[in-house]
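To start, the structure under review is shown below, and the notes come after it.
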Amino acid sequence: MKALLVLCFGFLAFAFAGESVFNGSDLSLLMSLSIAGGVVGLGIAALGGAIGMGNAAAATISGTARNPGIGGKLLGTMFIALALIEAQVIYTLVFAIIAIYGNPFLPESKAIVEAFTALLQ
């Protein structure tokens, strides 16, 4: 666990290392924080999804072992549950991509935000 924590902080150090390239501007800090937030959020969502999928599979296997006659129904229900769990991870991926590339606080993404606003109207 300690090695994983050190690895995460090492990756964050790489994200913040580029700040001197932009002459220490606030935009580079905002970009680094957007990337770090997207990565951490996606990592937490993937971890939660993996735990949820493991629990769903374990419950299905346990139910099939107790009553083999309803194994087909349990399998279908498990696949629906797995699809819903995976959808939550994909939603988090979309939010992470928006936070990284469509951040409304960055001047480069002002055109992207205006395009989305025009589509919604």
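The values are calculated or read from the model by the stated rules, or taken from the named source; none is laboratory data. Fair warning: this is a prediction, and the values are worked out from it, not measured in the lab. Note that we place each Cβ from the backbone using ideal geometry, even for glycine, and neighbour counts take in every protein chain shown. In case anyone asks, the SASA skips ligands and DNA or RNA and just uses the protein heavy atoms, side chains included. Shrake-Rupley method; radii C 1.70, N 1.55, O 1.52, S 1.80 Å.
Here are a few things to note about the model shown:
- Hits in the stretch 59-83 (condition: open to solvent by less than 70 Å² (accessible area, probe 1.4 Å) and either touching a residue at least 40 places away in the same chain (Cβ under 8 Å) or within 30 Å of Ala96 (Cα to Cα) (or both)): Met78, Ala81, Leu82, Ala83
- Criterion applied to Glu86, Glu108 was being charged (D, E, K, R), at pLDDT 90 or above and either part of a helix (DSSP H, G or I) or exposed (fewer than 11 other Cβ atoms within 10 Å of the Cβ) (or both), and the one residue passing it is Glu86.
- Considering the conditions (1) under 21 Å from Ile90 (Cβ atoms); (2) over 18 Å from the mean Cα position of the chain (by Cα), Leu42 is excluded by exactly one of them, (2).
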